[in-house]
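Working notes for the structure below.
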Amino acid sequence: NAREYAAAVLMDLASHPANQIEMAKIDKVLGTFVKLAIVEGKVETREYAVSGLQNLAFEKQNRRQLVTYGSGVVIEALKKTTSMDANDKTRRRSAGALTNLACDETADLMGKHAGLLKTLAHVSISDQNADVQQRATLALTKLSNSITVKMSSWSNLLDALITASQCKVADGIVTAMFRVKTRAEENRASMVNHPRLLETLSRIVLDTQDTFDVKKSPAAYKDCENVTKAIAHLANDPLNHKTICNKHILAALVHGASLSSPAGAVTRDAAILAMERMAMDHSNRPMMARYPGMLVSIAKATEREMNEELNGVPKSSASGQPRLAKPLLMSLLVAM
């Protein structure tokens, strides 16, 4: 098959760093890769074409050129092959090519490309191959790193992260994005008001059980830590205190503060910190004080903190934050 051999030769040429910049400047090379990736019937030929694009995307200087070529046809081809190609290897390499292309310079264009973020999120939870799921998640989170609240794709990004948070092989990188994005003050108002975001953070905490084996489920505890810290970051903004004091978040914080295994220590501290910040708004205190399990979880934390103090443990051993449980408990008891 002449097309197969030609695609293999182009792929090999594109794998050599000395050729990558010059090849990316030739429209016919890019056009050939795109066409073969989409319409070629032979599995190997499609795989070679996608691999050729992945190779060219490895060179930093090529990324903008590839993303802008033909009004985004490279991105469109990679979007289709990532989600629809029958061959696992082609889907994996295609997601890898998108990961290579994602950077500060290309994020705005890629984020705006119709359906790209949604497709990566969908692949991350529905592909039959765990490697492809991981690659799609990696592409999405690499784009997330560069997409800012000022970009038109911000809302679509949050939707995509909410979907991808259900990926079972993400190894904590999606929830790390929630933590990183909530750390920036300018993001918090849009995040706290985004549909389903607070419910998603809550679900991730509630899904974490003390019975989990840390060795078998390290990512579950990492996810739980990340989203509890994200909630604490959101609670850092006084304008969010009313919005965040809802049944979903309160359920998550009570659950997080009540984890008893050593692996839950960071989550426990972050949950108490979030509660303490929410309670700064006096009007939140009656609802918090009456929420089932809230006072018990804070009382347990107070006991832990007292034991640490009696044993001469400096501050809170897990996170280094000051001991907050006792004053928080007092303020909520007074509000009852």
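The values are calculated or read from the model by the stated rules, or taken from the named source; none is laboratory data. Everything quoted here is computed from the prediction, not taken from an experiment. SASA here: full protein model, heavy atoms, side chains in, ligands and nucleic acids out. Shrake-Rupley method; radii C 1.70, N 1.55, O 1.52, S 1.80 Å.
Do me a favour and compute the ellipsoid semi-axes for the stretch 253-295 from its Cα gyration tensor, root of five times each eigenvalue, largest one first, whole Å.
Values: eigenvalues 88, 26, 4 Å².
For the stretch 253-295, the semi-axes come out at 21, 11, 4 Å.
Have a look at ALA86, ALA102, ALA279 and tell me which one the Gaussian network model of the chain (Cα, springs below 10 Å) gives the largest fluctuation.
ALA86
Report, as a whole number in µm² per second, the diffusion coefficient that Stokes-Einstein gives for the stretch 161-203 at 10 °C and 1.306 mPa s using the Kirkwood radius over alpha carbon pairs. Please list the in-between numbers first.
Values: Rh = 10.8 Å.
The calculation lands on 147 µm²/s.
Nearest 10 degrees, 0 to 90: what angle lies between the long axis of helix 130-146 and the longest principal axis of the chain (Cα atoms)?
With rounding to tens, the tilt is 80 degrees.
Tally up the carbon and sulfur contribution to the accessible surface of the stretch 1-125 as a whole percent, 1.4 Å probe, everything protein left in place.
Values: 3130 of 5760 Å².
Of the solvent-accessible surface of the stretch 1-125, carbon and sulfur hold 54 percent.
Of MET288, MET280, MET191, which has the largest mean-square fluctuation in a 10 Å C-alpha GNM of the chain?
MET280
Please compute P(r) over all alpha-carbon pairs of the chain, binned at 20 Å starting from zero, and give each bin as a whole-number percent.
Per 20 Å bin, starting at 0, the Cα pair percentages come out as 30, 44, 22, 4, 0.
Can you tell me the alpha carbon radius of gyration of the stretch 80-193 divided by the globular rule-of-thumb value 2.2 N^0.38 Å? Mind dumping the intermediate values first?
On the way: Rg = 13.2 Å, N = 114, 2.2 N^0.38 = 13.3 Å.
For the stretch 80-193, the normalised Cα radius of gyration is 1.00.
Leaving ligands, DNA and RNA out of it, report the carbon-plus-sulfur percent of the accessible area of the stretch 187-295 at a 1.4 Å probe.
Carbon-and-sulfur percentage of accessible area, whole number: 58.
Hey, what angle do you get for helix 294-310 against the long axis of the chain, alpha-carbon based, 0 to 90 degrees rounded to 10?
80
In the stretch 37-83, how does Rg compare with the Kirkwood Rh, expressed as the Rg/Rh ratio over alpha carbon atoms? Please report the intermediate quantities before stating the final value.
Numbers: Rg = 10.8 Å, Rh = 11.0 Å.
Reported Rg/Rh, Kirkwood definition of Rh: 0.97.
So what's the back-of-envelope 222 nm ellipticity for the chain, counting only DSSP H runs of four-plus at -39500 (n - 2.57) apiece and dividing by all residues, rounded to 500? Don't skip to the answer; put the middle values down first.
Values: 21 runs with 234 residues, N = 336.
Computed mean residue ellipticity for the chain: -21000 deg cm²/dmol.
Specify the residue with the greatest mean-square fluctuation among LYS300, LYS112, LYS216, computed from a Gaussian network of the chain linking alpha-carbon atoms under 10 Å apart.
LYS216
For a distance above 12 Å, tell me the whole-number percent of Cα pairs in the stretch 191-238 that qualify.
Result: 63 percent of Cα pairs exceed 12 Å.
Can you flag which of LYS247/LYS300; LYS28/LYS60; LYS42/LYS118; LYS168/LYS215 are past 23 Å Cα-Cα? Write down the numbers at each step before the final one.
Values: LYS247/LYS300 21 Å; LYS28/LYS60 20 Å; LYS42/LYS118 28 Å; LYS168/LYS215 16 Å.
Table pairs above 23 Å Cα-Cα are LYS42/LYS118.
Using only the Cα atoms of the stretch 222-336, what semi-axes does the equivalent ellipsoid have when each is the square root of 5 times a gyration tensor eigenvalue? Give whole Å, largest first. Don't skip to the end; give the middle numbers.
Details: eigenvalues 86, 52, 31 Å².
The equivalent ellipsoid of the stretch 222-336 has semi-axes of 21, 16, 12 Å.
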